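Working notes, structure below.
Nothing in this text is a laboratory measurement; each read-out follows from the coordinates by a stated rule. What you see is a predicted model, and the numbers here were worked out from it, not measured in a lab. Cβ sites come from the backbone with ideal geometry, for glycine too, and all protein chains shown count toward neighbours.
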Amino acid sequence: MILIIDSQDIVRMGIQHEIPDEEIVCVNTLAEAEPYMNSETLPRLVICDVHIAGESSFDTAVRFCRRSCPVIFFTASQAAPHILEAKNMGAAGYILKTDSPDHLFNLIRSADSQQQFVLSPGAENRAEMENPDIHRMENLTPRELQIFRLLTEGKNYREIGELLFISPKTVNVHRRNIYSKLGAHNFSDLFKIALSTGTIEEPKE
């Protein structure tokens, strides 16, 4: 069974049309994916967007990966930190919705828990961009990437600690390491790096 977590009907319908020989279950929210994550019988594959109904899907995706369930990110997000975080969590691939859908369908047919990380051409180009902030991001550990994303999404130490099952004090230790590795002196610097790398979007007025 393939589990699709995406709020766009056209995405779910397109995959169902191209992969007619497999059972496909579609959900619109991360909460609806929860029962499948805790089930004794996992999906063969999970396909999800980076953002589902305004929420980041990374924390859900990493839980599937930890149970050796392959995850493919199928998304419009070209943010290099998102690509790095997907790779570091052990995802099977990161496919941009703006690239040919053949990249997704080929990966669906071949993906397994030992899958080498696959990027569609657009995502690969984005990951290799000559942006010094992007290259500095590569120095962050998987945990630091998680905390960087959550900090720039506006989460405080307590909220991050609850999400990652660590103490606020540990979050602060990671924060100091992130600042040091990225050359940030304050949250304003961190916010600018998040904008530069596409981790977050410019606030709309």
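Taking only DSSP H segments of four or more residues, each worth -39500 (n - 2.57), what value at 222 nm results for the chain once the sum is divided by all its residues, to the nearest 500 deg cm²/dmol?
Mean residue ellipticity at 222 nm (helix-derived): -15000 deg cm²/dmol.
Summary of the geometry: region 130-196 and region 1-36, compared by the centres of their Cα atoms, lie 31 Å apart. Using only the alpha-carbon atoms, how far is helix 142-152 inclined from the longest principal axis of the chain? Give it as 0 to 90 degrees, nearest 10. On a 0 to 90 degree scale, this one is about 70. Direction-averaged projected area, Cα convex hull, the chain: 11.7 nm², rounded to one decimal. Placing unit charges on the Cβ atoms of the charged side chains and taking the dipole of the chain about its Cα centre, the candidate lying farthest along the positive direction among Gln146, Ala91, Phe105 is Gln146.
Around Phe117, with a cut-off of 11 angstrom between Cβ atoms, what is the net charge of the other residues, counting Lys and Arg +1 and Asp and Glu -1?
Numbers: positive: Lys87; negative: Glu124.
Residues close to Phe117 contribute a combined charge of 0.
The length gained by stretching the chain between Thr98 and Ile19 to full extension, at 0.36 nm per residue less their Cα-Cα distance, is 26.5 nm. Put simply, the amide H of Ile4, placed in the peptide plane, has neighbours under 5 Å in Val25, Cys26, Val27, Ile47, leaving out anything fewer than 5 places away on its chain.
What aspartates and glutamates does Lys181 reach when the alpha-carbon gap must be under 12 Å and sequence neighbours fewer than 8 apart in one chain are set aside? Partners found: Asp133, Glu138, Glu144. Axis of helix 9-18 versus longest Cα principal axis of the chain: the two differ by about 50°, to the nearest ten degrees. Restricting the calculation to alpha carbons of region 132-197 gives Rg and Dmax of 11.0, 32 angstrom. For region 51-64, putting each phi into the Karplus relation 6.51 cos²θ - 1.76 cosθ + 1.60 with θ = phi - 60° gives couplings of 10, 10, 6, x, 10, 6, 9, 4, 5, 6, 4, 5, 5, 5 Hz, in residue order, rounded to whole numbers and with x for Gly and Pro. Note on region 26-115: with charges restricted to the Cβ of Lys and Arg (+1) and Asp and Glu (-1), its dipole about the Cα centre is near 240 debye. This model, with +1 at the C-beta of Lys and Arg and -1 at the C-beta of Asp and Glu, gives region 86-126 a dipole about its Cα centre of some 100 debye. Each of Leu42, Cys26, Gly198 was placed along the dipole of the chain (beta-carbon charges, centred on the mean Cα), and the one lying farthest toward the positive end is Gly198. Between Asp112 and Lys181, residue separation times 0.36 nm minus the direct Cα-Cα distance comes to 21.5 nm. The DSSP beta bridges internal to the chain are antiparallel in roughly 10% of cases.
Subtracting the Cα-Cα distance of Asp189 and Arg44 from their residue separation scaled by 0.36 nm leaves 48.1 nm.
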